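S.K.: I'd like to ask some things about the structure below.
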Amino acid sequence: MNSHVLPIYNRAPIAFERGEGSWAIATDGTRYLDLGAGIAVNALGHANPELVAALTEQAQRIWHVSNLYQIPEQEKLAELLVANTFADTAFITNSGTEAAELAIKMVRKYWSEQGDPERIEILTFEGAFHGRSTGAIAASGSEKMVQGFGPLMPGFRHLPWGDMAALEAAISQRTAAVMLEPVQGEGGIRPLPDADLRLIRELCDRTGALLVLDEVQSGMGRTGRLFAHEYAGIAPDIMMVAKGIGGGFPLGAVLATEKAASGMGAGTHGSTYGGNPLACAVGAKVMQIIAAPEFLAEVNRKAALLRQKLEGLVAAHPSVFESVRGQGLMLGLKCRVAPTEMVRAGYAEHVLTVAAADNTLRLLPPLIISDEEIAEAVVRLDRAAGRLDG
């Protein structure tokens, strides 16, 4: 079939027409156990009844008014985000990429308002993924993302991932910010040790640099805490949120302290769709569900069960897998084969996974996955790996 869609995706030959919890059902009726969740987006599963009800109720009232007016649903979501995090303020976006753009602007504007507009350098890390806008690819810096799109936004310096000595050597009183993912997603499910996060926070405090965390993929309960940085006992100055916050509805946010956001006055940023009533009604319901301590406790229990079973899978297929890594239900299987081979083998066994860099297969199931579905998922992964043994 000829498509009029811009051909920038290598799509699988599968189309889905509906979903139920942890299952995606293709147009031919085949049921796939979804361990990708739309790349960590469908945090509460497909067609979650509570989210459907929240969306339907709002859809019957009002969809869009623009930010020319007060939006009560946006106020409610911002209040929930501030109440459950370090932040004093929130700006609601449509996506993680938009959140990244605002975070970069917020850093630059902060230093400009401090009377130091030349303090623009932001330190980032190899393997990072912050989105695909021109600013976000400049921040990430990987060759595959930036090639052909120059000249890039200046002011970023890319350091080896996890190299704290390199960071200590690079950071100074001229550094505007340090920006990183506590757990790299696209980079291969690579968690930064808690001790390293604490050191980064200390270095930022020492030099005055702002700490910007990208929790687009690792946030919203994905690691067993509402946000991954909580394990280290630190707080950022600015944080990007998206993916799971909308449970499948396009939604993102930038959270910030009053100090970090002090340069962002009226007219410095805006969005036509950002914070619209539909998205915010869904996001508020997602927040109410995921932020509950009992919900996060269940995520951790299920994560331990899944990880235990995956360790057995790795032991059973040493020619296919090397190790398990990650936190909570943000797990990766480091592969000895190309992870795309495992993704394709999974299609044959009706299980959905996501490839990542560093030869890693991502497992990002809905946070509501059941124990029985976890067991079934590993059975299907076992059969898929069996297709690649030897």
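This table checks each residue for (1) in a helix (DSSP H, G or I); (2) touching a Pro at 6+ places or on another chain (Cβ under 6 Å).
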site	(1), (2)
His229	yes, yes
Ile245	yes, no
Leu255	no, no
Ala261	no, no
Met264	no, no
Thr272	no, no
Phe295	yes, no
Arg301	yes, no
Glu311	yes, no
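S.K.: Another one. Could you go through region 103-114 and let me know if any residue there is under 18 Å from Gln184 (Cα atoms) and in the same structural domain as Glu181 (by TED's automatic domain parsing).
M.R.: Yes, that holds for at least one residue.
S.K.: Provide a single number: the residues in region 34-56 that are within 10 Å of Gly19 (Cα to Cα) and not small (Gly, Ala, Ser).
M.R.: Total meeting the criteria: 3.
S.K.: Moving to a separate point now. Going through Asp196, Asp214, Asp237 one at a time, which residue ends up being under 23 Å from Ala37 (Cβ atoms), in contact (Cβ under 8 Å) with a residue 12 or more places away in the chain and surrounded by 17 or more Cβ atoms within 10 Å (Cβ to Cβ)?
M.R.: None of the others qualify; the one that does is Asp214.
S.K.: (1) surrounded by fewer than 19 Cβ atoms within 10 Å (Cβ to Cβ); (2) at negative phi: which one isn't true of Asp358, the others all being true?
M.R.: (2)
S.K.: Tell me, which residue of region 307-355 that is of a type in the set (Gly, Ala, Ser) and crowded, with 22+ Cβ neighbours inside 10 Å is nearest to Val379 (Cα to Cα)?
M.R.: Result: Gly346.
Residue-by-condition table, conditions (1) hydrophobic (A, V, I, L, M, F, W, C); (2) over 24 Å from Lys243 (Cα atoms):
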{"position": "Val107", "(1), (2)": "yes, no"}
{"position": "Glu118", "(1), (2)": "no, yes"}
{"position": "His130", "(1), (2)": "no, no"}
{"position": "Ala136", "(1), (2)": "yes, no"}
{"position": "Gln147", "(1), (2)": "no, yes"}
{"position": "Met164", "(1), (2)": "yes, yes"}
{"position": "Met179", "(1), (2)": "yes, no"}
{"position": "Pro182", "(1), (2)": "no, no"}
{"position": "Gly188", "(1), (2)": "no, no"}
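S.K.: Sticking with this one: Tell me, yes or no, whether region 103-115 has at least one residue that is crowded, with 19+ Cβ neighbours inside 10 Å, of a type in the set (Ser, Thr, Tyr), closer than 20 Å to Gly248 by Cα and out of contact with any Pro (no Cβ under 6 Å at 6 or more places or on another chain).
M.R.: Looking through region 103-115, none of the residues is crowded, with 19+ Cβ neighbours inside 10 Å, of a type in the set (Ser, Thr, Tyr), closer than 20 Å to Gly248 by Cα and out of contact with any Pro (no Cβ under 6 Å at 6 or more places or on another chain).
Residue-wise test of (1) among the aromatic types (Phe, Trp, Tyr); (2) touching a residue at least 40 places away in the same chain (Cβ under 8 Å); (3) within 30 Å of Ile122 (Cβ to Cβ); (4) in the same structural domain as Thr272 (by TED's automatic domain parsing).
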| site | (1), (2), (3), (4) |
| --- | --- |
| Ile8 | no, no, yes, no |
| Leu44 | no, yes, no, no |
| Ala54 | no, yes, no, yes |
| Gln60 | no, no, no, yes |
| Ser66 | no, yes, no, yes |
| Ile71 | no, yes, no, yes |
| Ala87 | no, yes, yes, yes |
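S.K.: Which count do you get for residues in region 270-306 that are more than 19 Å from Ala90 (Cα to Cα), buried (at least 21 other Cβ atoms within 10 Å of the Cβ) and touching a helix residue (DSSP H, G or I) at 6+ places or on another chain (Cβ under 6 Å)?
M.R.: Here the count works out to 1.
Residue-wise test of (1) closer than 29 Å to Arg301 by Cα; (2) within 20 Å of the chain's Cα centre (by Cα).
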{"residue": "Pro191", "(1), (2)": "yes, yes"}
{"residue": "Asp194", "(1), (2)": "yes, yes"}
{"residue": "Arg198", "(1), (2)": "yes, no"}
{"residue": "Glu202", "(1), (2)": "no, no"}
{"residue": "Ser218", "(1), (2)": "yes, yes"}
{"residue": "Thr223", "(1), (2)": "yes, yes"}
{"residue": "Leu226", "(1), (2)": "yes, yes"}
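S.K.: Taking Phe295 as the residue in question, decide whether it is among the aromatic types (Phe, Trp, Tyr) and closer than 26 Å to Gly219 by Cβ.
M.R.: Spelling it out, Phe295 is indeed among the aromatic types (Phe, Trp, Tyr) and closer than 26 Å to Gly219 by Cβ.
S.K.: Is region 226-246 home to any residue that is out of contact with any helix residue (DSSP H, G or I) (no Cβ under 8 Å at 6 or more places or on another chain), farther than 15 Å from Ala99 by Cβ and at pLDDT 95 or above?
M.R.: Yes.
S.K.: Another question about this same structure. When you check Ala266 against the structure, is it in contact (Cβ under 8 Å) with a residue 40 or more places away in the chain and among the hydrophobic types (A, V, I, L, M, F, W, C), yes or no?
M.R.: Details: in contact (Cβ under 8 Å) with a residue 40 or more places away in the chain: no; among the hydrophobic types (A, V, I, L, M, F, W, C): yes.
Here the answer is no, as Ala266 does not meet what is asked.
S.K.: Let me ask something additional. Give the residues of region 142-183 that are within 24 Å of the chain's Cα centre (by Cα), surrounded by 19 or more Cβ atoms within 10 Å (Cβ to Cβ) and in a loop (DSSP other than H, G, I, E, B), sorted by residue number.
M.R.: Across region 142-183, the qualifying residues are Trp161, Glu181, Pro182.
S.K.: Looking at region 333-386, which of the residues that are among the basic types (Lys, Arg) and assigned to a strand (DSSP E or B) is nearest to the chain's Cα centre (by Cα)?
M.R.: Residue satisfying both the conditions and the ranking: Arg362.
S.K.: Take the conditions more than 26 Å from Glu294 (Cα to Cα), in the same structural domain as Phe86 (by TED's automatic domain parsing), at pLDDT 95 or above and among the basic types (Lys, Arg) and apply them to Arg198. Does it pass? Before you say what the answer is, go through the steps one by one.
M.R.: Numbers: more than 26 Å from Glu294 (Cα to Cα): yes; in the same structural domain as Phe86 (by TED's automatic domain parsing): yes; at pLDDT 95 or above: yes; among the basic types (Lys, Arg): yes.
So Arg198 fits the description; yes.
S.K.: I've got another one for you. Is one or more of the residues making up region 316-330 in a helix (DSSP H, G or I) and touching a residue at least 24 places away in the same chain (Cβ under 8 Å)?
M.R.: In the first step, residues of region 316-330 are kept if they are in a helix (DSSP H, G or I); the result is 316.
Still in the running and touching a residue at least 24 places away in the same chain (Cβ under 8 Å): 316.
Yes, because at least one residue in region 316-330 is in a helix (DSSP H, G or I) and touching a residue at least 24 places away in the same chain (Cβ under 8 Å).
The values are calculated or read from the model by the stated rules, or taken from the named source; none is laboratory data. This is a predicted model, so every value here is computed, not measured. All Cβ positions, even for glycine, are placed from backbone atoms using ideal geometry, and neighbour counts span all protein chains on display.
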